[in-house]
Amino acid sequence: MSSQQLPLIDLSAASGGPRERAALHAQLHSAARDVGFFQLTGHGVTPEETARLTRAMREFFALPEADRLAISNLTSPHFRGYTRIGDEHTAGSRDWRDQLDIGAERPARVPRPDEPAYRWLEGPNQWPAALPELRTVALAWIDRLSGVARRLLHELLAAIGAPPDFYDDAFGDDPHLHLKLIRYPGRAPDGADQGVGAHKDYGFLTLLLQDDIGGLQVERSDGRFHEVPPLPGAFVVNLGELLEVATNGYLKATNHRVVSPPGERERFSVPFFYNPRLDARIEPLPFPHARQAPGATQDPANPLFAEYGRNALKGWLRAHPEVARRHHADLLEPVAAPVG
């Protein structure tokens, strides 16, 4: 695989004068339109904040396995908690990583018969009793990156000539925010190198903090997967499927994957997913380039829904088959046709 550096965006230019803002918008427009991925600096997140999170994450994965399994996601109908190595699947194959899934803290939700099934995705997190400080650090990170992502989304929409606040109501007071703490423990015993298989994210924006090990690869216009060299202090940002739907394919969600580090070398990463309310229906974005939009990706195996909750539940049921079988066997039906 080759190495091709992603576009580099300095978000601090949003606070500059007209010339700096115009340059920022031109860079954002190009990166979102042509690549769907970029590196983000100037975001304001301090090295101290990052160090607190990464320290807590490493302490979690250093806990005895029994402490991690005590908060297994197999016990959560809301898909929260710890996932053992190999239990998550992408494109039908197991991912060789373990992780902790965290979302906004909300009461347990059992959907009423008249409510959509995606309401199962609301609920409490599971926290390790042996590491109580993780809760404070992780929830603070969600709050911090929510602000960065909101600002970035506003600048991105302005960059393509759309109203910056067009989707503010879709996020409202209860956006479906999601954080993963991930460890890749080296190659699988059978030699397979799928840390996580090729996929697209199904929300709006993803901000990824990765360590210095490498392994993230992004599919580019030549059809090849290119390495994303780690850049200290930067977040790797990618657009999700909902922005592709919102712009009828003008902006693109891009396939990406992680190749496991060789041997038993560990890699750590923290993706943060900035997503709207579960019940938000993503209306088409009004912007001057709409006539140039080629249409959203059509994949019968992965239909895209305008209602975010349907998109999200589809992904969770596929990625965590054992959780789905234990708690949601009645939902394991063929995916319906997209609603638009």
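Calculate the dipole size of the stretch 1-118 relative to its Cα centre from +1 charges on Lys and Arg beta carbons and -1 charges on Asp and Glu beta carbons; express the result in debye to the nearest 20.
140 debye
Determine the equivalent ellipsoid of the stretch 1-153 by diagonalising the alpha-carbon gyration tensor, then write out the semi-axes as square roots of 5 times the eigenvalues, largest first, rounded to whole Å.
So the three semi-axes of the stretch 1-153 are 34, 20, 18 Å.
How big is the Kirkwood radius of the stretch 156-291, worked out from every pair of different alpha carbons and given in Å to one decimal?
It is 16.4 Å.
Can you send over the carbon and sulfur percentage of the accessible area for the stretch 207-340, probe radius 1.4 Å, protein chains only?
Looking at the stretch 207-340 in its full context, I get 51 percent from C and S.
Could you give each residue of the stretch 97-108 its phi-based ³J(HN,Hα) in whole Hz, using Karplus coefficients 6.51, -1.76, 1.60 with θ = phi - 60°, and x for Gly or Pro?
7, 10, 6, 10, 9, 10, x, 4, 6, 9, x, 4
Taking Cα centroids, how far is the stretch 177-241 from the stretch 73-132 in Å?
What the calculation gives is 20 Å, centre to centre.
Based only on Cα atoms, what Rg/Rh ratio does the stretch 231-330 have, Rh being taken as Kirkwood's radius?
Over the Cα atoms of the stretch 231-330, Rg/Rh equals 1.03.
So what's the back-of-envelope 222 nm ellipticity for the chain, counting only DSSP H runs of four-plus at -39500 (n - 2.57) apiece and dividing by all residues, rounded to 500?
So the calculated ellipticity at 222 nm is -8500 deg cm²/dmol.
How many percent of Cα pairs in the stretch 76-234 exceed 29 Å?
When all Cα pairs of the stretch 76-234 are counted, 30 percent exceed 29 Å.
Given the stretch 118-180, report the % of alpha carbon pairs whose separation exceeds 15 Å.
63 percent
Can you give me the convex hull volume of the Cα atoms of the stretch 206-285, divided per residue and expressed in Å³?
Enclosed volume per residue, from the Cα hull, is 113 Å³.
If ligands, DNA and RNA are left out, what is the accessible area of His78 with a 1.4 Å probe, given in Å² to the nearest 10?
20 Å²
Rg to Rh for the chain: what is it, with Cα atoms only and Rh by Kirkwood?
Ratio of gyration radius to Kirkwood radius for the chain: 0.94.
Which Rg and Dmax, in Å, describe the Cα atoms of the stretch 1-84?
When restricted to Cα atoms, the stretch 1-84 yields Rg and Dmax of 19.7, 56 Å.
The values are calculated or read from the model by the stated rules, or taken from the named source; none is laboratory data. No experiment lies behind these values; they were computed from the predicted model shown. Quick reminder, even Gly has a Cβ in these numbers, built from the backbone with ideal geometry, and neighbours come from all protein chains shown. Note: areas computed on protein heavy atoms with side chains; ligands, DNA, RNA excluded. Shrake-Rupley method; radii C 1.70, N 1.55, O 1.52, S 1.80 Å.
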